[in-house]
Structure formats: structure tokens, C-alpha cells
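Novice: Can you keep this structure in mind? I'll have questions shortly.
The values are calculated or read from the model by the stated rules, or taken from the named source; none is laboratory data. These numbers were taken from a predicted model, which means no experiment stands behind them. A quick note on method: Cβ atoms are made from the backbone with ideal geometry, for glycine too, and the neighbour counts reach across all protein chains shown. SASA here: full protein model, heavy atoms, side chains in, ligands and nucleic acids out. Shrake-Rupley method; radii C 1.70, N 1.55, O 1.52, S 1.80 Å.
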Amino acid sequence: MATLTLMLDKRNKNAKKFPLVIRVRHKGIPKNIQLGYKLEVNQWDEKNNRIKSSFPNSKRANYRVNEKWTTALKVVSDYNAVIKTIDIYKLVELINNHLVESAREKSKIIKNANEKKTFLKTYGTKVIHRYREADRFGMADAIQGAIDLIIKFNAGEDILISSINETFLEDLESWYLSKSNKPVNIKSNESMKTYKKNTLNGLGVRLRSIRRIYNLAIRDNETELTMDDYPFGKSGYSIKQQRSKKRAADLDVIRQIENLDTPEGSPLWHHRNYFLVNFYMRGMNFMDMAYLMVESINNGRLKYKRRKTRRGTNVKEFDILIPDNIMQIFRFYTLGKSKEDLVFPILADVVKTETEERVHEIYKNRRRNHNRRLNTISKKLKLNFKLTTYVARHTFATAGLHKGVSKAQIGDMLGHTNYYTTEAYFADFENAVLDEAADRIFS
């Protein structure tokens, strides 16, 4: 009688990874059928015949291995009556032929589905192209990142949009949260690295893009998708959020940054100025600063539209009184420029010579550089946290609340278009208020 065993082939003693195989033993002779995976010893659960979760995309890998394992078992069962009359080589040939046929059938099913159904990468590419044509590069980047995540989870393969159902999203969430991001603390010993875990908020950013693709596909007459396929909403998967860590600094930190002794014209001097404009101009967004034109400054006021909402129906326009200390900064950067020039040199060298898409890529690099420079300033001031553009924005919002400004007014000054975005800024502030109230009760 033939026997089958799912196992690692460890014959190569010097290897770090070993092929996962079905070992067929018949009439005392063993032969291996490779399954297309190489695993480290600690990635294989020998007791339960499963690939462990430490292996990338283990769920998908186990699914494919189980398919092949089931096919092999079925061959042995179907040929049981005549198995005594064939040798090990013929048996292995039969199993391999059935595995190939099974793969062909699966490929045929996928091909047929591809002719009739809407796949994520294919449809998503159209959506991305549409956004890039409209110069909405941030939205295009967000959707590309979401598609990349789904395909990575799906073992590198495209997937029907309709297959991204509630169960799929729950599995995706578990997988994503189990993974680590870049190392945050590197010790001398490689094994002593500590890593930053993925967060619900990071997943939420990507899933909102997937939700956007779904909504567009449902309204698109060229797809088969309907609201019956929609996995989000009250009765479906809920995109979760968690409270972000406190980003606001004390106003004393703003004073330290203002008084930072840096040579005029040096990189830190420029990035210090950007941070101060960011804070004093009501938490001004760095992108808005990068594209700010000289004509926006007039009669001691700054008037501009947020780039983030400039194409929407709810376009946010600002008209802000410029404080004296920030007016001095503006005078330095606008000296000798025309109204059509950019105020700051962030993109001045490329905005008129490169395509909008190329300018957007350069902007992202220079935003990263800005945050790196802010981190250098943080170290020079010996702060126990990193300075970022968000710190300036959150500090402005929290300072306003401490001064008695209403949340609605602060939200309006920040350019928020909904109440919930503003609320997310104040969780730590409200905790502090409650702590002070408790202290009064206990004293």
C-alpha cells in the first residue's frame, strides 16, 4: 500500500531552508514531489502538517499546499484497486499529472473569471490613471499603496474585487497587525533588534482607499459589482481607528525653537522658519507652504486655498492676520520676487520646469527631508520627542483649547471639514483636564 507524508526534505544538511514535499513511499521505495515552497525548520509545524504564521503569507501558502495534498490523496484512493500492479515511478507520474491538470483547471477558471469579472489591480490601475490625469497624485499614491498591500497579502496575485469581502478583510487585519514595520531600536547584536508594530490607523488609511475603489466600481456600469458585494458599512467590516500618541508640545518648546541659535541661511535656519510658519499660521499644512505664492500675502494678511480640498465642493479658503514675527520671515523670503513666484524655496527650482507628477515626487522627498531636519532641531534642544509638521499643527490646536477657544473654531482654523477629525486632536487634552479635576477632588 502506498503512503504519503507531508514533510521537509532535509537531505541537504548545509541548507538553511528546506523544500516542502509530499514523500510518496510505495513498495519500500520513497520519492519526493516538491510543492514549490522552501521553509526554515522553525516555519514548519510537523505535528499539524501546517506552515507556521512566521512564514510570509502563511494562510495562502497553506491553502495551496492543502489543495495539492488533497489531490495526491485522491489519486492514491482512486487507483487503490490497481496500485499493486504499478511501481513508485508510475504512481508519482500519476500524481504529478493530476497536479498539473488541477492547476490547468484552476488557471482556466481564473481566465474565465478575468473575462467576466473585475480584478483589483486591473481596475485600480484605471482609477490611479484617472487621478494622475487630474493631478491628484496624493490620492493616486494612496490607492497604489492599498492595492500593493492587498496583493502582498494575497501571495502576490491579483484578486477579484468581489473577493475582498468581510472575511477577507478580517484576515487581512489579523495578518497586518501581526507584522512589524521598520526597526526603531537597533542594538549591536542582530537578535536584539526591536521593531515597530503595524497599527490599526496605518491599515485604516489603506482600507479607506479600497473602500473608495469599491464605491467607484459599484457606480461604474462596466463592472458587475453591486451593493450586494460591498463589504463595508453597518452590517459589514468596520474600518477601525485607535487613538494616536500625543503630538502636541508645550508653548515653551515653540519659544525654544524661536530662540534657536542657527546661522542665517543654513539648512536648520530655513527649516526652523518653516516650522514657525507652520505653527503661527494656524497649523498650516507643509504642502500649502511649499506651493504658497507671493500674491497670497497682502496688507498684512495671508489668503490662500488648501491644496487638499481645492478640487472638492467644500473648498477651504484661509484669510489670516500675519503676526509680526512671521511677517519678518515672509519679508525675507519674498524680497525681490514677483507675485507669481513661490514664497519658499522648497519647490522653487522645479515647479516651473518639471511635470506636476515629477514635482509631487520631489515634494514628498523634501517633506521627508524637512522632518529629518526638524528631528535634528529636536536633538539640539534635547527634547524627548521628535518634532514634525504634525507637532506644530497639534500644538496650535491644543494651545487654543487651553486658551478657551472652542473646538469648532479650532477645527475651522485648521481647515477641518468634519467634527471627528478635530475631536481626534484633543483626547490627551481632555485626559489632562480630567486628571486635574480628580486632583481637586482628592485634595
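Novice: Yes or no: segment 46-64 includes at least one residue that is of a type in the set (Phe, Trp, Tyr) and at pLDDT 90 or above. Show your work before the answer.
Specialist: Of the residues in segment 46-64, the ones of a type in the set (Phe, Trp, Tyr) are 55, 63.
Right, trim to at pLDDT 90 or above and you get none.
Checked against the condition, which is being of a type in the set (Phe, Trp, Tyr) and at pLDDT 90 or above, segment 46-64 yields no hits at all.
Novice: Among residues belonging to segment 2-58 that are charged (D, E, K, R) and part of a strand (DSSP E or B), point out the one that is farthest from Leu99 (Cα to Cα). Step through it out loud before you land on a result.
Specialist: Going through segment 2-58, the residues charged (D, E, K, R) turn out to be 9-11, 13, 16-17, 23, 25, 27, 31, 38, 40, 45-47, 50, 52.
With part of a strand (DSSP E or B) added as a condition, the list becomes 23, 25, 31, 38, 45, 50.
Details: Arg23: 15, Arg25: 18, Lys31: 16, Lys38: 19, Asp45: 23, Arg50: 19 Å.
The residue in question is Asp45.
Novice: Moving on to the next point. Of the residues that make up segment 87-105, is at least one part of a loop (DSSP other than H, G, I, E, B) and either open to solvent by 70 Å² or more (accessible area, probe 1.4 Å) or within 30 Å of Glu361 (Cα to Cα) (or both)? Outline the logic, then answer.
Specialist: Going residue by residue through segment 87-105, those that are part of a loop (DSSP other than H, G, I, E, B) are 87.
Filter once more, so that each one left must be either open to solvent by 70 Å² or more (accessible area, probe 1.4 Å) or within 30 Å of Glu361 (Cα to Cα) (or both): 87.
Looking for residues that are part of a loop (DSSP other than H, G, I, E, B) and either open to solvent by 70 Å² or more (accessible area, probe 1.4 Å) or within 30 Å of Glu361 (Cα to Cα) (or both), one finds at least one in segment 87-105, hence yes.
Novice: Let me ask something else about it. Show the residue pairs meeting these rules: Cβ distance below 6 Å; 6+ apart or different chains; first residue within segment 258-273 and open to solvent by less than 70 Å² (accessible area, probe 1.4 Å); second residue of a type in the set (S, T, N, Q) and assigned to a loop (DSSP other than H, G, I, E, B).
Specialist: Leu268/Thr262; Trp269/Thr262
Novice: Also, quick follow-up: Evaluate segment 287-294: report whether one residue or more is modelled with pLDDT under 90, under 22 Å from Arg367 (Cβ atoms) and not acidic (Asp, Glu).
Specialist: First, the residues of segment 287-294 that are modelled with pLDDT under 90: none.
Within segment 287-294, none of the residues are modelled with pLDDT under 90, under 22 Å from Arg367 (Cβ atoms) and not acidic (Asp, Glu).
Novice: Given (1) open to solvent by less than 60 Å² (accessible area, probe 1.4 Å); (2) modelled with pLDDT under 90; (3) over 23 Å from Asp141 (Cβ atoms), identify the lone condition not met by Pro231.
Specialist: For Pro231, the failing item is (2).
Novice: Does Lys303 count as modelled with pLDDT under 90 and either open to solvent by 20 Å² or more (accessible area, probe 1.4 Å) or on the phi > 0 side of the Ramachandran plot (or both)? Can you show your working first?
Specialist: Details: modelled with pLDDT under 90: no; either open to solvent by 20 Å² or more (accessible area, probe 1.4 Å) or on the phi > 0 side of the Ramachandran plot (or both): yes.
Against the criterion (modelled with pLDDT under 90 and either open to solvent by 20 Å² or more (accessible area, probe 1.4 Å) or on the phi > 0 side of the Ramachandran plot (or both)), Lys303 does not qualify.
Novice: Restricting segment 285-300 to residues that are in contact with a helix residue (DSSP H, G or I) (Cβ under 9 Å, 6 or more places away or on another chain) and without any contact (Cβ under 8 Å) to a residue 40 or more places away in the chain, which is most open to solvent (accessible area, probe 1.4 Å)?
Specialist: Gly300
Novice: When the residues of segment 349-374 are narrowed to those that are among the aliphatic types (A, V, I, L, M) and in contact (Cβ under 8 Å) with a residue 40 or more places away in the chain, which ends up least open to solvent (accessible area, probe 1.4 Å)? Steps first, please.
Specialist: Filtering segment 349-374 down to residues among the aliphatic types (A, V, I, L, M) leaves 350-351, 359, 362, 374.
From what is left, the residues that are in contact (Cβ under 8 Å) with a residue 40 or more places away in the chain are 351, 374.
Working: Val351: 47, Leu374: 1 Å².
Checking each candidate, the answer is Leu374.
Novice: Inside segment 221-244, can you point out the residues that are out of contact with any Phe, Trp or Tyr (no Cβ under 8 Å at 6 or more places or on another chain) and touching a residue at least 12 places away in the same chain (Cβ under 8 Å)?
Specialist: First pass over segment 221-244, keeping only residues out of contact with any Phe, Trp or Tyr (no Cβ under 8 Å at 6 or more places or on another chain): 221-222, 224, 226-228, 233-235, 237, 240-244.
Listed by number, the residues that qualify are Glu224, Tyr237, Lys240, Gln241, Gln242, Arg243, Ser244.
Novice: Would you pick out the residues in segment 337-386 that are outside any loop (DSSP other than H, G, I, E, B), within 25 Å of Ala248 (Cβ to Cβ) and of a type in the set (A, V, I, L, M)?
Specialist: Result: Leu374, Ile377.
Novice: Confirm whether Lys308 is closer than 19 Å to Arg366 by Cβ, at pLDDT below 95 and surrounded by fewer than 19 Cβ atoms within 10 Å (Cβ to Cβ).
Specialist: Answer is yes for this residue.
Residue-by-condition table, conditions (1) at pLDDT 90 or above; (2) aliphatic (A, V, I, L, M):
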{"position": "Gln144", "(1), (2)": "yes, no"}
{"position": "Ile151", "(1), (2)": "yes, yes"}
{"position": "Gly156", "(1), (2)": "no, no"}
{"position": "Ile161", "(1), (2)": "yes, yes"}
{"position": "Leu169", "(1), (2)": "yes, yes"}
{"position": "Lys187", "(1), (2)": "no, no"}
{"position": "Lys196", "(1), (2)": "no, no"}
{"position": "Thr199", "(1), (2)": "no, no"}
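Novice: Does Lys74 fit the bill of being among the basic types (Lys, Arg), part of a helix (DSSP H, G or I) and open to solvent by 70 Å² or more (accessible area, probe 1.4 Å)?
Specialist: Working: among the basic types (Lys, Arg): yes; part of a helix (DSSP H, G or I): yes; open to solvent by 70 Å² or more (accessible area, probe 1.4 Å): yes.
Yes, satisfied.
Novice: Scan segment 147-168 and report the pairs whose first residue is in contact (Cβ under 8 Å) with a residue 12 or more places away in the chain and whose second residue is open to solvent by less than 40 Å² (accessible area, probe 1.4 Å) and in a loop (DSSP other than H, G, I, E, B), with Cβ atoms within less than 6 Å and a gap of 6+ or a chain change.
Specialist: Qualifying pairs under 6 Å: Ala155/Asn57; Ile161/Thr118; Asn165/Pro231; Glu166/Pro231; Glu166/Gly236.
Novice: Could I ask something else about it? Condition first: of a type in the set (A, V, I, L, M) and within 20 Å of Val75 (Cα to Cα). Now tell me which residues in segment 1-36 satisfy that. Explain how you work it out, then say what you get.
Specialist: Looking only at segment 1-36, we keep the residues that are of a type in the set (A, V, I, L, M), and these are 1-2, 4, 6-8, 15, 20-22, 24, 29, 33, 35.
Answer for segment 1-36, where residues must be of a type in the set (A, V, I, L, M) and within 20 Å of Val75 (Cα to Cα): Met1, Ala2, Leu4, Leu6, Met7, Leu20, Val21, Ile22, Val24, Ile29, Ile33, Leu35.
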